[in-house]
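J.: One structure, as structure tokens, below. Some questions next.
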Amino acid sequence: MDNNNWVTQLLMLGVGTTSIVAEKLKEVGDQWVKDGKLNPDQAKGFVDDLMSQIKTEQGGFEAQMQRQLRNMLMDLGVPRQAEMDELRGRLDRLERQLRDLENKLWK
């Protein structure tokens, strides 16, 4: 599986989680208004402030998740794309050298 696909899936999970949190915060705010603990403007401000904070922290969270995933893959011995590209290049050069040697032997 492509590493970028894993990261994309994790980020989409984060977006989905944020949507659920937003819905639950709105429900809590509505309940507090219904119970008379907050007026509608306070509830809206409360939810807006929390969502703003979550969105701000989400960028840092996503970067941290990418770093942790990259480190985990390295610990498991999964090569980075640059390493795979380098190995493919080396393999291509070796195959070319082998073909050249075979051609010399057949001449």
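The values are calculated or read from the model by the stated rules, or taken from the named source; none is laboratory data. Treat the numbers as computed from the prediction; the structure is a model and nothing was measured. Cβ: placed from backbone, ideal geometry, glycine included. Neighbour counts: every protein chain shown.
J.: If the Cβ limit is 9 Å and pairs must be 6+ apart or interchain, which residue in the range 43-64 that is at pLDDT below 75 pairs with which residue that is hydroxyl-bearing (S, T, Y)?
T.: I54/T18; K55/T18; Q58/T18
J.: Name the single residue that is nearest to the chain's Cα centre (by Cα) among those in the range 50-78 being surrounded by 13 or more Cβ atoms within 10 Å (Cβ to Cβ) and over 30 Å from E23 (Cβ atoms).
T.: Of everything passing the filter in the range 50-78, R70 is nearest to the chain's Cα centre (by Cα).
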